[in-house]
Every structure is written in C-alpha cells, then in structure tokens.
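Chemist: There's a structure below that I have some questions on.
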Amino acid sequence: MLKPDFIQAGVMGWPVGHSLSPRVHGFWLKELGLNGDYVRLPVEPEYFVEKLKALKDDGFAGCNVTVPHKEAALKNVDEVHPLAERIGAVNTIKVQEDGSLYGFNTDGFGFLENLRHEIQGGTVGFDPKSGPAVILGAGGAARAVVVSLLDAGTPEIRLLNRTRTRAEDLAQEFLDFGAGNIIVEDWDHRSDCLQNAALLINTTTLGMQGQRPLEIDLKALPQAAVVNDIVYAPLETDLLARAKAQGNQVVDGLGMLLHQARPGFEAWFGQMPEVSAALRTYVLAEKP
Ligand code: ATR
C-alpha cells in the first residue's frame, strides 16, 4: 500500500531505457526527503495518447515526455503553455486538480539556466544580450534554443543546418511572429560566420558517441565567445575540446538536461531543486 502523500511521476518515451531522468529526479527526491518516485514509462507511439489520458487514473502527478512523443503531447494535452506552443513540443505534463493535463516545455529554460550557471559558477553568467549567437542545427533542440534566445534578447541569431530548407522554415516561422533577427547561413559556410559571435551552440547530433565529429574551423571565433554543445555523451566533445584549447569558455550538454528537469520536479513534488556538483557526479556514475 502506498502512503497517502506518495507522489509519482515518470518519463514516457520509446525507447526510454537510456533516459537519465529517473536518476536525476531520484537524487532530488532523496536529497529533499520527499515521499515519491520517478519511473521509466516505455510507451510505443500507437499507445501514447491512451497512456497520456490514463495518467491520472494510473496515479501520476504528471510526467516528462521524450522522443518520439513531444509533438504528440502538444496536440493531446488539455492546456498548453504559450512557450511550448511556440517551441512546437511539450516535454513536461502536470495532472491538474480537476484531472486535466497541462503541458509545458522546459528545454529552453534548461538551456539558458545552464549557460547562466556554468559560466563563472553563479547566476551572473552568460548574458544572452551580449552578442550574436550561431546555432548549428534546426531540429527540435534548436527550436527550444532559438525561442529562448529570442525571448532573452539576443541581438542576432545565425542559423545553419545541413538541410538548409529546414533552417529557412524555422526562421520564417519566427519571423512571421515578428522576430526580425534570424539569419540563415549555408551549412558549408559554418566556419566563416563566427566573427563577433558571443555564443556558438551545437544542437546537431554530430560529435555524439558513434557519430562523426562536428567539422568546423574555430579560428574566426572571438576568444570571449562561449561554446555550448548540447551533446552530453561524451561530456567533452571534440568541439568543446578544441574550443577550450583556443581559450573559449565551454559549457557541456549535461547541465541543460539537469536544469530542464527542475520545473517539472517543482510542478509535481512542490519544491524547486538545485543542480549541484553532487548531482552531476551521481548522474555521471551511470554512463549514458
Ligand atoms: P533533435 O530533435 O534532437 O534536434 P533532430 O530533429 O533529428 O533531433 O535534429 C538533428 C539535427 O542534427 C538536425 O539539424 C540534423 O540536420 P538535418 O536537418 O539536415 O537532418 C543534424 N544532423 C544530423 N546528422 C548530421 C550530419 N551528419 N551532418 C550535419 N547535420 C546533421
């Protein structure tokens, strides 16, 4: 028998065995002494909507949603946060008191918080207003990065993707909403558009374990620029190693994953957790 104040959440995905989220939330539940659990919920795409609608009856306070369900989650919750609407995906769901499902997206929050915290080790870290940002990739992760940088006042976004039309579509979508500062550049020119950039972000899968490294010449990147890879396996990608070697500040992708988990934890378990060195060590002890 579960205790009456027991709170349960989890992560729906397919596959979901590789997800680090149970370890992250498990650490916080223990750290904060809360009576709850966070479990893996492997759900095939054809059963997703059914499992989503059953969250309340199955005793869940809510869940995270990961690949390949983020877009389906957006379409099937009862209420969507405007930011999730703009990103085009829901990654966190809360079951509300009346049983309805509220969907939001914490990827952009995780991305920016990670940059703010990792640099200088405090809350006065990277300032998104400080200069142009170069974004490599135009997939789901790039959407969250673009939206959060636009909202944070980044003066110019240079967007590059192997499939140029995908970058153009993404830029057009935001231009339609009044954002005038996204410039699409050609993927082959990625080494040539780093001048006066304040931030370089890799949102592609290049550099991930088992994938080819990201080929880019960093010579034109100012030394003051921050380089962020959202790949976290390996933690230090070839891109980050080379950026570090030429004196740039680098931020790895694990922090984004840890920070994006915080608002969901707060929504279900009632307390905003912190990202600490101890959490990083604990999560890294189980290799992704
Ligand atoms: P996510 O939702 O995690 O961003 P995604 O939508 O599959 O994942 O996007 C993966 C990104 O990596 C895309 O920008 C993809 O480029 P394409 O749109 O051209 O597919 C990029 N990517 C993957 N493999 C790549 C490669 N070998 N070279 C360049 N870009 C690559």
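The values are calculated or read from the model by the stated rules, or taken from the named source; none is laboratory data. Model, not experiment: these values are computed from the prediction. Here the Cβ positions follow ideal geometry from the backbone for every residue, glycine too, while neighbour counts run over all protein chains shown. Note: areas computed on protein heavy atoms with side chains; ligands, DNA, RNA excluded. Shrake-Rupley method; radii C 1.70, N 1.55, O 1.52, S 1.80 Å.
Yes or no, residue by residue, for (1) in a loop (DSSP other than H, G, I, E, B); (2) small (Gly, Ala, Ser):
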position	(1), (2)
Pro155	yes, no
Ala171	no, yes
Gly180	yes, yes
Ala220	yes, yes
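Chemist: May I ask you to list the residues in the stretch 225-251 that are closer than 17 Å to Gly125 by Cβ and touching a residue at least 24 places away in the same chain (Cβ under 8 Å)?
Modeler: Ala225, Val226, Val227, Asn228, Asp229, Ile230, Ala243, Asn248, Gln249, Val250, Val251
Chemist: While we're on this one: Starting from residues that are among the hydrophobic types (A, V, I, L, M, F, W, C) and at pLDDT below 95, keep the ones in the stretch 150-162 and report whichever is least open to solvent (accessible area, probe 1.4 Å). Break it down stepwise before answering.
Modeler: Taking the stretch 150-162 first, the residues among the hydrophobic types (A, V, I, L, M, F, W, C) are 150, 152, 157, 159-160.
Adding the requirement that they be at pLDDT below 95 leaves 150, 152.
Working: Leu150: 34, Ala152: 17 Å².
Filtering first and then ranking leaves Ala152.
Chemist: Here's another thing I want to ask about it. With the checklist (1) closer than 17 Å to Leu239 by Cβ; (2) exposed (fewer than 14 other Cβ atoms within 10 Å of the Cβ) in hand, flag the one item Thr165 doesn't pass.
Modeler: Of the numbered conditions (1) closer than 17 Å to Leu239 by Cβ; (2) exposed (fewer than 14 other Cβ atoms within 10 Å of the Cβ), the odd one out for Thr165 is (1).
Chemist: Which residues, taken from the stretch 234-255, are open to solvent by 20 Å² or more (accessible area, probe 1.4 Å), of a type in the set (A, V, I, L, M) and within 27 Å of Phe27 (Cβ to Cβ)? If you could, list the steps in order and put the result at the bottom.
Modeler: Taking the stretch 234-255 as the starting set, the residues that turn out to be open to solvent by 20 Å² or more (accessible area, probe 1.4 Å) are 234-236, 238, 241-242, 244-247, 249-250, 252.
Still in the list and also of a type in the set (A, V, I, L, M): 235, 241, 245, 250.
Passing the criteria: Leu235, Val250.
Chemist: Residues in the stretch 192-200: is at least one more than 10 Å from the ligand (Cβ to nearest atom), modelled with pLDDT under 95, touching a strand residue (DSSP E or B) at 6+ places or on another chain (Cβ under 6 Å) and assigned to a loop (DSSP other than H, G, I, E, B)?
Modeler: Pass one, the stretch 192-200, residues more than 10 Å from the ligand (Cβ to nearest atom): 192-200.
Okay, now just the ones that are also modelled with pLDDT under 95, so none.
No; the residues of the stretch 192-200 include none that is more than 10 Å from the ligand (Cβ to nearest atom), modelled with pLDDT under 95, touching a strand residue (DSSP E or B) at 6+ places or on another chain (Cβ under 6 Å) and assigned to a loop (DSSP other than H, G, I, E, B).
Chemist: Taking the stated definitions as given, is Glu118 surrounded by fewer than 22 Cβ atoms within 10 Å (Cβ to Cβ), of a type outside the set (S, T, N, Q) and over 24 Å from Ile7 (Cβ atoms)? Outline the logic, then answer.
Modeler: Working: surrounded by fewer than 22 Cβ atoms within 10 Å (Cβ to Cβ): no; of a type outside the set (S, T, N, Q): yes; over 24 Å from Ile7 (Cβ atoms): yes.
Here the answer is no, as Glu118 does not meet what is asked.
Chemist: Quick test for you: out of Ile135, Ile93, Ile157, Ile182, pick the one residue that is hydrophobic (A, V, I, L, M, F, W, C), in contact with a Leu (Cβ under 8 Å, 6 or more places away or on another chain) and more than 16 Å from the ligand (Cβ to nearest atom).
Modeler: Details: Ile135 fails: more than 16 Å from the ligand (Cβ to nearest atom); Ile157 fails: more than 16 Å from the ligand (Cβ to nearest atom); Ile182 fails: more than 16 Å from the ligand (Cβ to nearest atom).
Step by step, each of Ile135, Ile93, Ile157, Ile182 is checked, and only Ile93 is hydrophobic (A, V, I, L, M, F, W, C), in contact with a Leu (Cβ under 8 Å, 6 or more places away or on another chain) and more than 16 Å from the ligand (Cβ to nearest atom).
Chemist: Just one of the numbered conditions (1) more than 15 Å from the ligand (Cβ to nearest atom); (2) at pLDDT below 95 is not true of Gly140; which one?
Modeler: Checking Gly140 against (1) more than 15 Å from the ligand (Cβ to nearest atom); (2) at pLDDT below 95, the one that fails is (1).
Chemist: Take the residues in the stretch 202-224 that are free of Cβ contacts under 8 Å to residues at least 40 places away in the same chain and open to solvent by less than 20 Å² (accessible area, probe 1.4 Å), then tell me which one is nearest to the ligand (Cβ to nearest atom).
Modeler: Gly207
Chemist: To continue, here is another question. Out of Val49, Val24, Val39, Val43, I need the residue that is open to solvent by 20 Å² or more (accessible area, probe 1.4 Å), touching a strand residue (DSSP E or B) at 6+ places or on another chain (Cβ under 9 Å), away from the ligand (no atom under 16 Å from the Cβ) and of a type in the set (Val, Ile, Thr). Which one? Outline the logic, then answer.
Modeler: Values: Val49 fails: touching a strand residue (DSSP E or B) at 6+ places or on another chain (Cβ under 9 Å); Val24 fails: open to solvent by 20 Å² or more (accessible area, probe 1.4 Å); Val43 fails: open to solvent by 20 Å² or more (accessible area, probe 1.4 Å).
On inspection, the qualifying residue turns out to be Val39.
Chemist: Moving to a separate point now. So which residues in the stretch 253-274 are touching a helix residue (DSSP H, G or I) at 6+ places or on another chain (Cβ under 9 Å), hydrophobic (A, V, I, L, M, F, W, C) and assigned to a helix (DSSP H, G or I)?
Modeler: Step one: list which residues in the stretch 253-274 are touching a helix residue (DSSP H, G or I) at 6+ places or on another chain (Cβ under 9 Å), which gives 253-265, 268-269, 271-274.
Applying the additional criterion that residues be hydrophobic (A, V, I, L, M, F, W, C) yields 254, 256-258, 261, 265, 268-269, 272.
Selection gives Leu254, Met256, Leu257, Leu258, Ala261, Phe265, Trp268, Phe269.
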